[in-house]
1. Just give me the residues in the stretch 97-129 being surrounded by 14 or more Cβ atoms within 10 Å (Cβ to Cβ), among the hydrophobic types (A, V, I, L, M, F, W, C) and more than 17 Å from F53 (Cα to Cα), in sequence order.
2. Based on what the data block shows, is F56 surrounded by 15 or more Cβ atoms within 10 Å (Cβ to Cβ), among the aromatic types (F, W, Y) and closer than 29 Å to I138 by Cβ?
3. Can you tell me how many residues within the stretch 81-105 are within 14 Å of L136 (Cα to Cα) and either assigned to a loop (DSSP other than H, G, I, E, B) or of a type in the set (A, V, I, L, M) (or both)?
4. Restricted to the stretch 109-150, and to residues that are in a loop (DSSP other than H, G, I, E, B) and hydrophobic (A, V, I, L, M, F, W, C), which residue is nearest to V83 (Cα to Cα)?
5. Can you tell me which residues in the stretch 101-136 are in contact with a helix residue (DSSP H, G or I) (Cβ under 9 Å, 6 or more places away or on another chain) and hydrophobic (A, V, I, L, M, F, W, C)?
6. Mind listing just one residue for me: the one in the stretch 59-71 that is exposed (fewer than 13 other Cβ atoms within 10 Å of the Cβ) and assigned to a loop (DSSP other than H, G, I, E, B) and, of those, modelled with the lowest pLDDT?
7. Filter the stretch 103-131 down to the residues that are more than 21 Å from Q47 (Cβ to Cβ) and either at pLDDT below 90 or of a type in the set (V, I, T) (or both) and list them by number.
8. State whether one or more residues within the stretch 72-92 are in contact with a helix residue (DSSP H, G or I) (Cβ under 9 Å, 6 or more places away or on another chain) and surrounded by 14 or more Cβ atoms within 10 Å (Cβ to Cβ).
Amino acid sequence: MKPAEISWPVSFLFKCFVSNLKFVFFVKGDDPLRSFRLRNPRTGIAQGDIEVFSEFDSGGSMWTGAGPRERRLTVAFDHPYRVPPAVQITASLMDMHQDTAHRSELVAENISETGFDVVFRTWSDSRVARVRAAWLAIGDLPFEDDWDVE
């Protein structure tokens with residue numbers, strides 16, 4: 001299978017493995033299976049899965065309150081990026097009360113070279129017991145030959 005350029009379909013699945021110390025992604029969407037290589041050794045990929053909050057046992061406002069509510073958690077990267085990376089975030093666990101509507105927003109904010117904020121919001125009468133978020137950051141890493149002329 002030859003590496004190819006990607007045109008991102010509306011929906012896709014991807015798998016990644018290491019081949020000759022290079023990441024190879026296989027993308028399956030509306031088109032036949034294709035692959036591409038990240039040939040740049042400066043590309044960094046970081047990922048994690050963190051608990052944003054758990055409030056059902058403590059009676060916190062996410063579980064007992066109403067109206068607009070927000071929880072924010074800062075994630076620090078193990079190594080800084082050269083510039084702010086692209087960050088993708090998704091809910092890996094969302095435990096909500098069955099008797100109320102499930103209204104929520106999960107986003108990454110304040111993305112910088114050293115980290116970002118995971119932000120969960122809900123509103124109205126939604127009752128949220130706990131939330132966990134999975135994240136993936138991809139971006140350029142600093143290189144010893146980087147320098148800036150003033």
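1. I111
2. Values: surrounded by 15 or more Cβ atoms within 10 Å (Cβ to Cβ): yes; among the aromatic types (F, W, Y): yes; closer than 29 Å to I138 by Cβ: no.
Answer is no for this residue.
3. The number of residues fulfilling the criteria is 7.
4. By that ranking, first place goes to L141.
5. Within the stretch 101-136, F120, V128, A129, V131 meet the criteria.
6. That would be G59.
7. T122, V128
8. If we filter the stretch 72-92 for residues that are in contact with a helix residue (DSSP H, G or I) (Cβ under 9 Å, 6 or more places away or on another chain), which is where we start, we get none.
Checked the stretch 72-92: no residue is in contact with a helix residue (DSSP H, G or I) (Cβ under 9 Å, 6 or more places away or on another chain) and surrounded by 14 or more Cβ atoms within 10 Å (Cβ to Cβ).
The values are calculated or read from the model by the stated rules, or taken from the named source; none is laboratory data. This is a predicted model, so every value here is computed, not measured. Reconstructed Cβ throughout: ideal geometry from the backbone, glycine too, with neighbour counts over all protein chains shown.
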